[in-house]
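Step one of this worksheet: look at the structure below.
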Amino acid sequence: MNILAIESSCDETAAAVVKDGREILSNIVASQIETHKLYGGVVPEIASRMHIETIEKVVGEALNSAGMSADDIDAVAVTYAPGLIGALLVGVNFAKAFAYANNLPLIPVHHIKGHIAANFLEYSELEPPFLSLVVSGGHTHLIKVTEYDKFRIIGQTRDDAAGEAFDKAARVLSLPYPGGVHIDRLSKNGDIKAVNFPKTHFRDNEFDFSFSGLKTSVINYVHNLQQKNHILSEQERADIAASFSYSVASVLCTHTESAAKKLGCKKIVLAGGVSANSMIRSMMEEMCRKNGFNLYKPPLALCGDNAAMIGAMAYYEYKNGKTSDMSLNARANMSIEI
Ligand code: KG4
Ligand code: ZN
């Protein structure tokens with residue numbers, strides 16, 4: 001089954017053709033980062049306009065590079081929630097028009113489920129049940145995936161997502177937006193023990209996260225030094241980046257480890273843009289090796305937003321009868337449990 005998938009929930013216009021939920025036939029991503037960089041973050045109105053300008057071309061490229069025409073496509077999938085509403089609407093309306101014009105089934109896909117499904121494209125043997133840690137710009141969730149269409153939230157952030165903390169820590173260190181990848185690079189030369197940044201744990205739900213205290217702590221640390229007219233050396237910046245990353249990675253690892261032990265889950269699946277982080281990946285590897293867990297991590301190219309992951313998830317949604325008629329609408333917020 002060939003699924004044409006479309007993703008436009010934030011600042012990437014993406015289209016892909018995926019076969020049977022597991023094989024990428026094409027995967028095109030048009031990033032708007034260079035534009036949003038000028039403003040230090042995503043400007044929703046600009047994102048929507050750029051999606052409108054780009055989407056037809058991106059879908060055309062996805063079909064071309066798969067060597068296909070609309071006649072070879074069996075269904076159309078689209079991210080319909082959660083995300084920036086104006087951005088989502090562009091993809092949803094394009095997908096509806098494509099499905100209607102070509103008389104194809106329409107499959108709505110939840111963005112976070114898509115991030116998790118990115119792993120199905122890399123690991124042909126991977127099947128639920130498993131425990132997934134989803135870390136992106138807007139989400140930090142520990143999710144028990146019991147079946148392809150059954151998701152239970154075990155823990156989640158009570159304030160900022162891990163990616164938000166990475167981006168703000170990067171900003172205070174004068175790194176460009178989005179800063180996660182720059183912090184990652186800088187932290188490789190730093191000392192994780194240089195600064196003792198907070199690691200938040202809760203008593204009432206030991207699997208919940210909080211990153212706003214850590215974010216404020218990094219900002220205050222740098223501002224304090226600046227107020228004393230101290231100019232940060234390259235080594236000090238690297239030490240701050242490494243110590244900050246270590247705080248995030250430690251919390252993610254300890255929560256995942258204890259959730260996996262409590263649930264008796266031996267398969268750990270990473271997902272989302274922040275799962276590209278090298279310190280998180282290596283600490284997770286170490287934790288999984290120590291406990292005898294199997295770790296699944298998306299390839300770097302599938303960690304961030306893309307449409308191939310939407311096509312992968314869509315296959316299983318379709319098999320479970322989850323198609324939509326032309327009344328499909330976009331939703332800015334939606335729990336993964338629905
Ligand atoms: O999943 P994603 O592409 O978009 C959302 O659905 O939010 O995640 C984007 C986030 C940004 O906050 C970005 O800074 C972060 O992922 N990110 C990273 C790395 N690469 C991207 N964070 C830490 N280390 C990285 N290597
Ligand atoms: Zn995403």
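The values are calculated or read from the model by the stated rules, or taken from the named source; none is laboratory data. These numbers come from a predicted model, not from an experiment. No Cβ is skipped: glycine too gets one built from the backbone with ideal geometry, and neighbour counts run over all protein chains shown.
Only a single item in (1) in a helix (DSSP H, G or I); (2) over 20 Å from the mean Cα position of the chain (by Cα); (3) within 20 Å of Glu164 (Cα to Cα) is not met by Lys57, and it is number (3).
Scanning the range 301-338 for residues that are away from ligand 1 (no atom under 16 Å from the Cβ), among the small types (Gly, Ala, Ser) and within 24 Å of Gln32 (Cβ to Cβ), which turns out surrounded by the most Cβ atoms within 10 Å (Cβ to Cβ)?
Initially, the range 301-338 is screened for residues away from ligand 1 (no atom under 16 Å from the Cβ), giving 311, 314-329, 337-338.
Remaining after also requiring among the small types (Gly, Ala, Ser): 311, 314, 321, 324, 327.
Remaining after also requiring within 24 Å of Gln32 (Cβ to Cβ): 311, 314.
Values: Gly311: 38, Ala314: 33.
Of everything passing the filter in the range 301-338, Gly311 is surrounded by the most Cβ atoms within 10 Å (Cβ to Cβ).
Taking first residues from the range 16-38 that are of a type in the set (Ser, Thr, Tyr) and partners that are surrounded by fewer than 20 Cβ atoms within 10 Å (Cβ to Cβ) and at pLDDT 95 or above, the Cβ contacts under 6 Å between residues at least 6 apart in sequence or on separate chains come to Ser26/Ser65. Taken together, Glu23, Glu53, Glu45, Glu34 contain a single residue that is surrounded by 15 or more Cβ atoms within 10 Å (Cβ to Cβ) and acidic (Asp, Glu), which is Glu23. Among the residues of the range 170-199, those that are free of Cβ contacts under 8 Å to residues at least 12 places away in the same chain and assigned to a loop (DSSP other than H, G, I, E, B) comprise Ser174, Leu175.
The residue pairs whose first member lies in the range 259-283 and is more than 25 Å from Ser187 (Cβ to Cβ), whose second member is among the polar types (S, T, N, Q) and part of a helix (DSSP H, G or I), and whose beta carbons are closer than 9 Å, counting only pairs six or more residues apart or on different chains, are Ala260/Asn291; Lys261/Asn291; Lys266/Asn291. Yes or no: Leu214 more than 16 Å from ligand 2 (Cβ to nearest atom), touching a strand residue (DSSP E or B) at 6+ places or on another chain (Cβ under 9 Å) and either of a type outside the set (Val, Ile, Thr) or without any contact (Cβ under 8 Å) to a residue 40 or more places away in the chain (or both)? The answer is no for Leu214.
The combined condition, being away from ligand 2 (no atom under 15 Å from the Cβ) and closer than 17 Å to Thr256 by Cβ, is fulfilled by Lys144.
Of the helices (runs of 4 or more DSSP H) contained entirely in the range 212-298, those carrying at least 1 residues that are away from ligand 1 (no atom under 16 Å from the Cβ) and either among the small types (Gly, Ala, Ser) or within 19 Å of the chain's Cα centre (by Cα) (or both) fall at 212-227, 234-263. Say whether the condition of being away from ligand 1 (no atom under 11 Å from the Cβ), touching a residue at least 24 places away in the same chain (Cβ under 8 Å) and touching a Cys at 6+ places or on another chain (Cβ under 9 Å) is met by at least one residue in the range 145-158. Scanning the range 145-158 turns up no residue that is away from ligand 1 (no atom under 11 Å from the Cβ), touching a residue at least 24 places away in the same chain (Cβ under 8 Å) and touching a Cys at 6+ places or on another chain (Cβ under 9 Å). State whether one or more residues within the range 195-209 are near ligand 1 (Cβ under 10 Å from one of its atoms) and modelled with pLDDT of 95 or more. The answer is no; no qualifying residue exists. Of all the listed residues (Glu7, Glu61), the sole one being within 16 Å of ligand 1 (Cβ to nearest atom) and touching a strand residue (DSSP E or B) at 6+ places or on another chain (Cβ under 7 Å) is Glu7. The set of residues from the range 299-338 being in a helix (DSSP H, G or I) and among the charged types (D, E, K, R) comprises Glu317, Lys319. Screening Gly83, Gly137, Gly114 for residues that are crowded, with 21+ Cβ neighbours inside 10 Å and at pLDDT below 95 leaves exactly one candidate, Gly137.
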